[in-house]
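The values are calculated or read from the model by the stated rules, or taken from the named source; none is laboratory data. The structure displayed is predicted, hence computed values, not measured ones. Cβ atoms come from the backbone with ideal geometry, glycine included; neighbour counts cover every protein chain shown. Each accessible area value is taken on the protein alone, full model and side chains, heavy atoms only, with ligands, DNA and RNA left out. Shrake-Rupley method; radii C 1.70, N 1.55, O 1.52, S 1.80 Å.
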Amino acid sequence: VLATIDLRHTDRQHQLMNLRVLEAAQRLVGLGRGRLHCVHAVDSAAVLGGLDGVTPARVEREFKTRARELLESMLKPYG
(Lines give C-alpha, C1' and ligand atoms only; values in the text may rest on other atoms or scores of the structure.)
Protein backbone atom coordinates (compact mmCIF):
# COMPACT_ATOMS: atom_id res chain seq x y z
CA VAL A 1 0.00 0.00 0.00
CA LEU A 2 1.45 3.34 -1.03
CA ALA A 3 0.53 6.38 1.07
CA THR A 4 1.37 9.79 -0.31
CA ILE A 5 1.73 12.61 2.19
CA ASP A 6 2.56 16.31 2.08
CA LEU A 7 5.55 17.39 4.16
CA ARG A 8 5.76 20.89 2.68
CA HIS A 9 3.06 22.21 4.95
CA THR A 10 3.54 21.79 8.69
CA ASP A 11 0.32 23.41 9.88
CA ARG A 12 -2.07 21.38 12.00
CA GLN A 13 -4.64 20.87 9.23
CA HIS A 14 -2.13 19.35 6.79
CA GLN A 15 -0.55 17.19 9.47
CA LEU A 16 -3.96 15.83 10.48
CA MET A 17 -4.63 15.02 6.84
CA ASN A 18 -1.28 13.18 6.64
CA LEU A 19 -2.15 11.17 9.74
CA ARG A 20 -5.56 10.25 8.31
CA VAL A 21 -3.89 9.03 5.11
CA LEU A 22 -1.40 6.95 7.10
CA GLU A 23 -4.12 5.47 9.31
CA ALA A 24 -6.24 4.50 6.30
CA ALA A 25 -3.21 2.97 4.57
CA GLN A 26 -2.35 0.99 7.70
CA ARG A 27 -5.90 -0.38 7.85
CA LEU A 28 -5.58 -1.55 4.24
CA VAL A 29 -2.27 -3.22 5.05
CA GLY A 30 -3.96 -5.06 7.90
CA LEU A 31 -6.67 -6.37 5.61
CA GLY A 32 -4.34 -7.87 3.06
CA ARG A 33 -1.09 -8.62 4.87
CA GLY A 34 0.69 -6.09 2.70
CA ARG A 35 3.37 -3.54 3.52
CA LEU A 36 3.03 0.16 4.05
CA HIS A 37 5.17 2.42 1.89
CA CYS A 38 5.12 6.17 2.23
CA VAL A 39 6.22 8.78 -0.27
CA HIS A 40 6.55 12.54 -0.46
CA ALA A 41 7.63 14.12 -3.74
CA VAL A 42 9.79 17.21 -3.56
CA ASP A 43 9.25 19.90 -6.16
CA SER A 44 12.73 21.43 -6.39
CA ALA A 45 11.39 24.56 -8.05
CA ALA A 46 9.04 25.17 -5.13
CA VAL A 47 11.78 24.55 -2.59
CA LEU A 48 14.25 26.85 -4.32
CA GLY A 49 11.89 29.53 -5.61
CA GLY A 50 12.57 33.09 -4.54
CA LEU A 51 15.87 32.49 -2.79
CA ASP A 52 18.74 34.89 -3.41
CA GLY A 53 22.31 34.10 -2.44
CA VAL A 54 21.56 30.58 -1.25
CA THR A 55 22.97 27.57 -3.04
CA PRO A 56 20.38 25.11 -4.33
CA ALA A 57 22.34 22.18 -2.91
CA ARG A 58 22.25 23.65 0.61
CA VAL A 59 18.55 24.41 0.48
CA GLU A 60 17.77 20.94 -0.83
CA ARG A 61 19.93 19.31 1.86
CA GLU A 62 18.24 21.31 4.64
CA PHE A 63 14.79 20.54 3.26
CA LYS A 64 15.56 16.83 3.04
CA THR A 65 16.83 16.80 6.63
CA ARG A 66 13.71 18.56 7.92
CA ALA A 67 11.41 16.33 5.85
CA ARG A 68 13.18 13.15 7.00
CA GLU A 69 12.82 14.15 10.66
CA LEU A 70 9.13 14.91 10.23
CA LEU A 71 8.52 11.71 8.26
CA GLU A 72 10.31 9.55 10.83
CA SER A 73 8.25 11.00 13.68
CA MET A 74 5.01 10.54 11.71
CA LEU A 75 5.78 6.94 10.74
CA LYS A 76 7.08 5.79 14.13
CA PRO A 77 3.66 4.49 15.29
CA TYR A 78 3.38 2.39 12.12
CA GLY A 79 6.69 0.56 12.45
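Quick one: would you say Arg58 is open to solvent by 70 Å² or more (accessible area, probe 1.4 Å) and modelled with pLDDT of 85 or more?
Considered against the rule, which asks whether it is open to solvent by 70 Å² or more (accessible area, probe 1.4 Å) and modelled with pLDDT of 85 or more, Arg58 comes out as no.
Got at least one residue in the range 33-44 being within 17 Å of Lys64 (Cβ to Cβ) and assigned to a helix (DSSP H, G or I)?
Within the range 33-44, one or more residues are within 17 Å of Lys64 (Cβ to Cβ) and assigned to a helix (DSSP H, G or I).
So, in the range 1-29, how many residues would count as being open to solvent by less than 70 Å² (accessible area, probe 1.4 Å) and either assigned to a helix (DSSP H, G or I) or among the charged types (D, E, K, R) (or both)?
Count: 13.
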